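Okay, structure first, notes after.
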Amino acid sequence: MGFLISDKIVYYVLVLAISVLNCVTEFRTNAQPLAQNEVKALEAISTKLQNLNWRIDENFCHDTSVNISNIDGIETLSNVTCDCTLENDTVCRITSIQLKDLALSGVLPAEFGNLTNLIQLDLTRNYINGSIPPSFAQLPLVNLSLLGNRLSGTIPKEIGDITSLEQLVLEDNQLSGPLPESLGKLSNLKRLILSANDFNSTIPEAFGNLKNLVDFRIDGSRISGKIPDFIGNWMELDRLDMQGTSMEGPIPPNISRLTNLTQLRISDLQGSSIGFPDLQNLKKLKYLWLRNCLITGPIPDYIGELTALKELDLSFNRLSGPIPEQLGNLDLDYMFLTNNSLNGEVPTGILDSQNKLDISYNNFSGSPDVSCGVQSPVNLISSHSSLDSNSSRWCLQKDLPCSGKASYHSLFINCGGQEMSFEGNEYVDDLSKEGGSHFSSVSQKWAYSSTGVYMGKSEASYLATNTFSLNVSGPEFYQTARVSPLSLKYYGLCLRKGSYKVKLYFAEIMYSDDQKSSSLGKRIFDVSIQEKLVLEDFNIMEEAGGVGKGIEMEFDALVNGSTLEIHLYWAGKGTTAIPDKGVYGPLISAISVTPNFDVTSGLSAGAIVGIVLASCVVFLLILVVLRTKGYLGGKDLEDKELRGLDLQTGFFTLRQIKAATSNFDPANKIGEGGFGPVYKGILSDGAVIAVKQLSSKSKQGNREFVTEIGMISALQHPNLVRLFGCCIEGNQLLLVYEYMENNSLARALFGREEQKLHLNWPTRNKICLGIARGLAYLHEESRLKIVHRDIKATNVLLDKDLNAKISDFGLAKLDEEENTHISTRIAGTIGYMAPEYAMRGYLTDKADVYSFGVVALEIVSGKSNTNYRPKEEFVYLLDWAYVLQEQGNLLELVDPSLGSSYSSEEAMRMLNLALLCTNPSPTLRPLMSSVVSMLEGKIAVQTPIIKRSETNPDARFKAFEKLSQDSQTHISTWLHDSQMQRGMSMDGPWIDSSVSLQSKDETRDHSSSSKLLEEK
């Protein structure tokens, strides 16, 4: 029987071959020409696309050199298909063009639209730029693939007119703007691949009509809004990817209708907590990724009944309860449950598994029979809430405690590379190829934990090399790296307590530096140290200025126990298919950890700074006493006071500053504050800086100059303005900061029309969250607990990416932990000061919380708290906000310029939070860490209803009205003396309308005319 089948096959093959030969002979005999209009179209296309190298004439369809499948062993595709049966077999027309990975460059030719019979256009992985021509709408396209190019602009609405279209693949480009509603008319569309672009707004409702969709992907775009309910209409869907967007949960209940789904990937959702979605009917699921989706509650038992599952990722959620026993029976290749709150005992089927299972960072109980010295495919690091004292299981315990004496104080790792030396330090090798679910410890001095599987290429390596033979300069460790598709953690173990300098070294070595698609990758990830986010949406190429270029990022970190944790995390952003699948996620070249303390004495740098500062304070107090007694003149005190300090910051010479600012050229002046003018400058190395100059007329004086240096030099956080150094030379007192490209939040919101920025809703949300994170750091996380005292829109600066950074620490106060509050003279800005502080000088960190609430209100409304008066009887914007809250019309405060392009849920959350933060009672205001959680949707906002009445006006308004009346005259005089005109008040980042007033108790013997005073 087998021979009979073989004979039959041979027979059919021969018949087919003869038929093809006959057709070819007849075809060559007739040799129909290509239509002349298409010859001209091809000539134009060939002119606009470099490296195409076509010979264009009427015999083009018979030129076999056009069709090739590889070049120099590299897999490429050049294929042109013609139909020569048209017009009574007298003419040929092109029906398909496939030009894949040919390094084509130039602008995408609109002349493709003249090939009126074209049903397939595939230009995957080239270097083509420009926009998508609307002329493509003239074509009867079935497949349009432009993956992996440099296309920009928006998707033309005319694409929605190609009713024949079944595949639209636009992944890995630079397209932006909203998705056109017209795409909802593509009733035949089966594949819509839009990942790794910069789309914004929401997924249009019209997309609910795409009922034939089989594959929909939109990873890594800024698409926002809720996951739409209409995805339940996509009954034919096989794959749904929504990773790394700005969308919110919940996952719609009608997702349970998508019974054909085999791949579901959703990650990094915004908003509030959600329950586990109903996936019980999705029996065909093979890949289920619901990572960092704010999911709470237990893992449903039915997950263990989805027998087709091969990959399950529920990591970085808030899942609780035990792992269902049924999960241990599934034949999973990969399972990631890391970073949840799962408890109970780990099922035996999971502990004994030989597959890649990661259940680290949970709260399990029991005593699993494992040892930290034995490598296992099941990652259990930091997974148990309590264990016995068995030192062999230290890695299962929280915070990875040292099983012996914590004696190490430095660490040097060549991530992914060989042992080597650099700057006199020996970098240990890190060559393990494991990474899917792996923990490896070396002599309990350091360790790494890697989690994740590469999408579409599970066999991809976790070690990176210089793939494209880039000319990488600098240390040898830039030639290699460790990579991870999801989460990579490095640990310094058994470290002595204290402050450390952490240097992270990066170089992008997996993309090319030529004009090919392989150069177009975008690797984006986050970095946290000691669970604090230090780099968000970090792009190595962007920061280093290209591929193959090393960059060093430096941070300070505090070790309170014995473990230092460095966490790199992929949040679903960037490209995932350039130069090939499996090239994305965190990449790091080397790590250096050195102590900020004297390793011989054990005295930390912080302690030394504290001693120096304490000494300086005592010295200053002595000088003040001597001066008040008349033993010292005041003229020379300033220089002596400053030069007597051991300032913990960098120093610049006056010559450097003058060269950078063109001798303080007025053209470089970018602002004016109570401290003095601010100039933009460019140092000799090209670094752009902002120089803050102490004015000779300034009432703030040396005291605030010293305060600002002392405060900022001790603080480092992504949401605080970075101080580069200072200059104390002659009579010049100068601070040198990082330059903020977008000036102040006040100018962006309230400036003149030409100065205002159009801040969309996601940006406003990001700014508000950034301010909150900066204040949370000042109040709760930094070594020095600091109350800023002057949080307002002018003291919030915006960098080139519109990230918020808090500035101007001249009025800041140290808040020692043993003090419940600080009694101090009043210093701040009317309209932003908390009532208890404005009236009684009672200062706690809740004063900053109040000011933050006012700024949050301004961010949502786009209006200034002090300058906006909707009606004569309202003193401040905040006053009006409470009236609208009582009326149930709080959303009327939302900036009209936003139109309908904002999330009403987020707006209500931020407005309610603003009112909660501005509660007249400081005890009812939340901590800033709670504010951050509320803004992230992790904690619900419950705003108390505060009613105003004419008979008992709110203390807040009484305080403001009193301050306004008492200081109005003196503020005007002070503004005049400082030459601060109203027109200047929005020009620069350091605009200061602050005033300093004595508290009530301190002004009993003074007239109201003395209320505008410097704080002492």
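The values are calculated or read from the model by the stated rules, or taken from the named source; none is laboratory data. None of these values were measured; they are calculated from a predicted model. Cβ sites come from the backbone with ideal geometry, for glycine too, and all protein chains shown count toward neighbours. When the accessible area is computed, the model is the full protein with side chains, heavy atoms only, and any ligands, DNA or RNA have been set aside. Shrake-Rupley method; radii C 1.70, N 1.55, O 1.52, S 1.80 Å.
How much of the calculated P(r) for the stretch 399-595 lies past 30 Å, in percent of all Cα pairs? Don't jump to the answer; show the numbers that get you there.
On the way: 2909 of 19306 pairs.
Within the stretch 399-595, distances greater than 30 Å cover 15 percent of Cα pairs.
Net charge near THR480: determine it from the other residues with C-beta under 15 Å of the C-beta of THR480, scoring Lys and Arg +1 and Asp and Glu -1.
Values: positive: LYS433, ARG482; negative: GLU419, ASP429, ASP430, GLU476, GLU508.
Taking every Cβ under 15 Å from that of THR480, the sum is -3.
Quick one: 3J(HN,Hα) in Hz for the stretch 748-760, Karplus 6.51/-1.76/1.60 with θ = phi - 60°, rounded, Gly and Pro as x.
With coefficients 6.51, -1.76 and 1.60, one gets 4, 8, 10, x, 4, 3, 6, 9, 4, 10, 7, 8, 6 Hz.
When the Karplus curve 6.51 cos²θ - 1.76 cosθ + 1.60 is applied with θ = phi - 60°, which whole-Hz ³J(HN,Hα) does each residue of the stretch 909-917 get, with x for Gly and Pro?
4, 5, 5, 4, 5, 4, 5, 5, 5
Can you list residues from other chains, or at least 5 along the same chain, whose modelled amide H is less than 5 Å from the amide H of ALA577?
For ALA577, no residues qualify.
Taking amide hydrogens as modeled 1.01 Å from N in the peptide plane, which residues meet the under 5 Å criterion relative to GLN243, leaving out close sequence neighbours?
Sorted by chain and number, the residues that satisfy this are ILE218, ASP219, GLY220, SER267.
So for the stretch 399-595, taking the charge dipole from beta-carbon charges (+1 Lys/Arg, -1 Asp/Glu), which of SER473, TYR584, ILE566 sits furthest toward the positive end?
ILE566
How do SER403, SER441, SER145 stack up against each other in accessible area, from largest to smallest, with a 1.4 angstrom probe? Spell out each step's value before the answer.
Details: SER403 65, SER441 40, SER145 10 Å².
Result, largest first: SER403, SER441, SER145.
For the stretch 214-284, what does the accessible surface come to per residue with a 1.4 Å probe? Please give it in Å². Provide the component values of the computation, followed by the final result.
Numbers: 2220 Å² over 71 residues.
Ligands and nucleic acids excluded, the result is 31 Å² per residue.
Please give the peptides 546-552, 501-507 ranked by average Cβ packing (other Cβ atoms within 10 Å per residue), highest first, as a rough proxy for protection. Can you show the working numbers first?
Working: 546-552: 19.0, 501-507: 22.0.
Descending mean neighbour count gives 501-507, 546-552.
With the cut-off at 22 Å, tell me which of the pairs LYS48/LYS100; LYS310/LYS573; LYS226/LYS573; LYS356/LYS573; LYS100/LYS522; LYS405/LYS503 have Cα atoms farther apart than that. Mind dumping the intermediate values first?
On the way: LYS48/LYS100 17 Å; LYS310/LYS573 24 Å; LYS226/LYS573 18 Å; LYS356/LYS573 24 Å; LYS100/LYS522 20 Å; LYS405/LYS503 25 Å.
Those over the limit are LYS310/LYS573; LYS356/LYS573; LYS405/LYS503.
At 1.4 Å probe size, with the rest of the protein present, what percent of the exposed accessible area of the stretch 503-561 is carbon and sulfur atoms? Intermediate values should be presented prior to the final figure.
On the way: 970 of 2400 Å².
Summing carbon and sulfur atoms, their accessible area is 40 percent of the total for the stretch 503-561.
Run the simple label-point estimate for SER421 and ASN129 please: 7 Å along Cα→C-beta, distance reported in nm.
4.6
First check a/c for the stretch 282-328, with a ≥ b ≥ c the square roots of the eigenvalues of its C-alpha gyration tensor; if it is under 1.5, answer rounded, and if not, answer prolate when a/b is larger than b/c or oblate otherwise.
Details: a/c = 2.23, a/b = 1.31, b/c = 1.70.
Judged from the Cα gyration tensor, the stretch 282-328 comes out oblate (a/c at least 1.5, b/c at or above a/b).
What number comes out for the charge environment of VAL855, summing +1 per Lys or Arg and -1 per Asp or Glu over other residues with Cβ under 13 Å away? Walk me through the numbers before you get to the answer.
Details: positive: ARG764, LYS792, LYS863; negative: ASP790, ASP848, GLU858.
Around VAL855, the charge tally is 0.
Can you pull out the trypsin sites (Lys or Arg not before Pro) in the stretch 374-475 whose DSSP state is coil and whose Cβ has at most 13 other Cβ atoms within 10 Å?
Numbers: sites: ARG393, LYS398, LYS405, LYS433, LYS445, LYS457; in loops: LYS398, LYS405, LYS433, LYS445, LYS457.
Of the trypsin sites (Lys or Arg not before Pro), the ones in loops of the stretch 374-475 whose Cβ has at most 13 other Cβ atoms within 10 Å are LYS405, LYS433.
Quick check: pseudo-label points 7 Å beyond the Cα along Cα→Cβ at MET235 and LYS457, how many nm apart are they?
Here the answer is 3.8 nm between the modelled labels.
With every protein chain kept in the model, how would you rank THR465, THR124, THR307 by accessible area, 1.4 Å probe, largest at the top? List each step's numbers first, then the result.
Working: THR465 80, THR124 15, THR307 115 Å².
Ranked list, largest accessible area first: THR307, THR465, THR124.
Each residue of the stretch 175-186 in turn: what ³J(HN,Hα) in whole Hz from Karplus with 6.51, -1.76, 1.60 and θ = phi - 60°, glycine and Pro shown as x?
Residue by residue, the stretch 175-186 yields 5, 9, x, x, 6, x, 4, 4, 5, x, 8, 7 Hz.
GLU248's amide H: which non-local residues (gap 5+, or another chain) put their own amide H closer than 5 Å, with H modeled 1.01 Å from N in plane and none for Pro or chain starts?
The answer is GLY225, LYS226, ILE227, GLN270.
For HIS384, HIS758, HIS567, give me the order by solvent-accessible area with a 1.4 Å probe, most accessible first, ignoring ligands, DNA and RNA.
Numbers: HIS384 5, HIS758 135, HIS567 25 Å².
Putting HIS384, HIS758, HIS567 in descending order of accessible area: HIS758, HIS567, HIS384.
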